[in-house]
Structure formats: structure tokens, C-alpha cells
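Quick notes on the structure that follows.
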Amino acid sequence: MSDLRDQAPGAAGDAAPYDALLLLSFGGPEGPDDVVPFLENVTRGRGIPKERLKEVGQHYFLFGGVSPINDQNRALLDALREDFAQNSLDLPVHWGNRNWAPYLTDTLREMALAGHRRILVLTTSAYASYSGCRQYRENLADALAALEAEGIEPPRVDKLRHYFNHPGFVRPMIDGVLASLDGLPEEVRAGAHLAFTTHSIPDASADTSGPAEEHGRGGAYVREHLDVARLIADAVREETGVERPWELVYQSRSGAPHIPWLEPDICDHLETLHGKGVPAVVMVPIGFVSDHMEVLYDLDTEATAKAAELGLPVARSATVGADPRFAAAVRELVLERAATERGQRVERCALGALGPSHDLCPVGCCPARAPRPAAAGADSPYA
């Protein structure tokens, strides 16, 4: 098992048979005029009226109509390119989004026309779930089908494994918690609880997340988050000498009220802790790669306002973002997958109790309610 402390980057190596890396993300508006069209892209097919989308868009309008996610992806692109160059990994890095420019299909078209034939995909989602994995794979299949329809030979795409328990993802979050604790008033620091937060999803989606053998209450989605939370809490205890109560909680629910979603909500959790006399809380957004809108609004705005209303001191720890250790982790994952594709045996780096995730999503993994083709899996029509 790898140590949780900072690690030297892995040795430079050969990315063959891959000739490019694609950073695949959600996308977000970059101005007030983009907000409603962006939300129309996100909700296409659901029949949501434009007036309702304008109401939902108020979160974005509070920040000038700009989601930070695109700038954060640009920073991650720069970090990846710098890390690759410093470690003699000659692998171009491209970027495409599901819901806003640069659009995935456009990016894949450019890559295919530039001659790229084997592409690795890094998604900005670390955990198993339909919305965090299979939906991206469905988007990839849609884009490849669009290229085929245009007479362009589609490249082969493979997705990097889930990296939720890679040291390069976990260690920066540990440091973020330690920094947040140090920033709390000294008189409440010792008694501070940890609230690990992630995106709430419908119970039914959670229960069927991951491979079929992992389906059940909470599925792989909850299991993976609990493993990461435990890793961070244990490391914080070891480095501070203080045992801190913690819980996995949820945020950003967006579904109909009658459909059960994962709970408790972060604001409800803050009320509960305040009622128990807890002196302070550190909110730890382990479910998010960067400080995008759901972190800025749901935690930094809404949950922080709730805490102020309660008189409960809170701090929000940093996400991984473009941390150089995360960029190094991506390089290690690229080299690991490339070596595996070449038939070599490699040590797969992972922390915690769950071990490294699968390279190839099996049939039945994170199923959709209505089956659709998905690339980069055992059931891919683009093998």
C-alpha cells in the first residue's frame, strides 16, 4: 500500500499505444447570455420550461453568469502539460465538454482529423455512478457516432480508471483539511467535526452504481466516498493527534421531491451538529475535483449562510483542482494504462480498503434507465 505523504512523481515512460489524452468535463457558462442555453443543453429532453431554467440560473447570475469550471479546467490542462513536459512524456492533451464549448464532438473531430487514433480519456469525476461515469461514456459514443456519420473514421477511446483513492487525489485533500483546521478559531479547533460532502444522487442510481456485483444499498458510489472519507479522517488524526467525529453528507440535490435522494443534506447536517453543541465544522468536498459552481454556491454561499445563521463556525477545505500532485497522478495513471495495454504487469497505485478500480467498465456497470450505447467499456460498440 502506498504512503499517504507526498510522493515523488513516477518515472517518465512510454504512452504507446496511446497518442493523446482527452480531458472530458461537464462545461459551464462563461457569461450571462450563456446561462439559459447552457441549462437547456444540460436538461435537453426533459421538457423544462425556459422560465424555470431562468430561475435555476440564478445561482450562476450571482457570479456574473460565469461558472468557474472552465477556467479550472484550463488550469488543469496547463498543469498536465507542464507535468508531462517535465517528465518527458510526449502526449498531447486536449479538452472537450459535455454541455458547453469546447464541445466533446468538436474536440474529437479535431483530434481525429489531426491523426489521433488511440485516445485516453480523463473525466473530471473520480467516482462510480451513472452521471459520473456511464453518462460520459454515452456522450463519447454519441460523439463517435457523429464522426462516423460525417465520414470520419472514429478513433478508439479508453477511459482512465476511477482515481478516487489514488494518493495524488487524496493527499491534497488531507492538506486542505489540515489548513482549514488551522484557520479555525483556536477555542473551537479541537472540537471541530468533519463533514465530507459529495453530490447527492437518487437512491436508485446509487444502489446500481459500479459493477453489478457491487449493487445494493448505496452501491459503489457510497462505498467509495466512505473509503476516501475514512482515509482522510485517519490521516488527520495521525497528524494532529485528535480523533474527530465525521460523517458523509450530501449537497446539490436537484430532483423531484417525491424521488428519494441520498441524505442527509449538508445544511440539515449543520443544524443537527449545532443542536448537539458541536463547536465548529470543516466541510470537505471530497466528491468534487475543483471549486466549480456547486462548491461555490452550495457550500461557500448556502451552507456557509446557514452556519452563520446558527452561529456555528465553519471552514471549507480546498478541492484538488490543478494541484501538481494530481497532475502527477494523472501521468502515473496514463503510464499504468499504457503498460497494461502493451501486456506488461504494472503496480496499480491505490489507497484504502477497496483497491484499484477496473480499467474497463463491465456490462451492467452503472446502468441507465433507458439503455444507450456507451464507449470505453466492455459493451462498447467502438472496441
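On average, how much area does the Cα convex hull of the range 290-340 cover when viewed from any direction, in nm²?
Numbers: hull surface 18.4 nm².
If I average the Cα hull's projected area over directions, I get 4.6 nm².
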For the chain, set up a GNM with springs between Cα atoms under 10 Å and report which of Arg46, Arg74, Arg331 has the largest fluctuation. Arg46
If we count other beta carbons within 10 Å of each Cβ, what is the order of Asp268, Asp33, Asp379, fewest first? Asp33, Asp268, Asp379
Charge dipole magnitude, Cβ of K and R +1, D and E -1 - the range 167-316, Cα centre, debye nearest 20: 120
Rg/Rh for the range 307-383 to two decimals, with Rh computed the Kirkwood way over all alpha-carbon pairs. 1.15
Under 18 Å from the Cα of Lys276, which lysines turn up, not counting those fewer than eight places away in the same chain? Lys306
Can you give me the Cα centroid spacing of the range 312-383 and the range 32-79 in angstrom? 26
Between Arg372 and Ala204, how many nm apart are label points set 7 Å from Cα along the C-beta direction? 1.6
As I understand it, the dipole of the chain uses +1 on the Cβ of Lys and Arg and -1 on the Cβ of Asp and Glu, about the Cα centre. Which of His258, Leu360, Ala322 lies farthest toward its positive end? Leu360
How far apart, in nm, are two points set 7 Å out from the Cα along the Cα-to-Cβ line at Leu360 and at Ala75? 3.7
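How do Ile259, Ile174, Ile201 rank when sorted from fewest to most other Cβ atoms within 10 Å of their own Cβ? Show your work: numbers first, answer last.
On the way: Ile259 11, Ile174 22, Ile201 25.
Arranged by neighbour count, lowest to highest, Ile259, Ile174, Ile201 become Ile259, Ile174, Ile201.
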Specify the longest stretch of the chain that does not include any exposed loop site, a site being one of the GluC sites (Glu not before Pro) with a non-H, G, I, E, B DSSP assignment and at most 13 other Cβ atoms within 10 Å. 1-149
Length gained when the stretch Glu263-Glu40 is fully extended (0.36 nm per residue, less Cα-Cα span): 77.6 nm
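Can you sort Tyr382, Tyr163 by how many other beta carbons sit within 10 Å, fewest first?
Values: Tyr382 17, Tyr163 26.
Taking fewest neighbouring Cβ atoms as first place, the list is Tyr382, Tyr163.
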Which Rg and Dmax, in Å, describe the Cα atoms of the chain? 20.6, 67
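May I ask you to derive the FRET efficiency for Glu239 and Glu150 from their Cβ-Cβ distance with R0 = 51 Å, giving the value to the nearest 0.05?
Numbers: r = 54 Å, r/R0 = 1.06.
The pair Glu239/Glu150 has a calculated efficiency of 0.40.
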Tilt of helix 266-275 relative to the longest C-alpha principal axis of the chain, in degrees (0 to 90, nearest 10)? 20
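A short reminder: the numbers here are calculations on the coordinates, not readings from a lab. Small disclaimer: the values here were computed from a predicted structure and weren't measured. Here the Cβ is made from the backbone with ideal geometry for all residues, glycine too, and neighbour counts use every protein chain on show.
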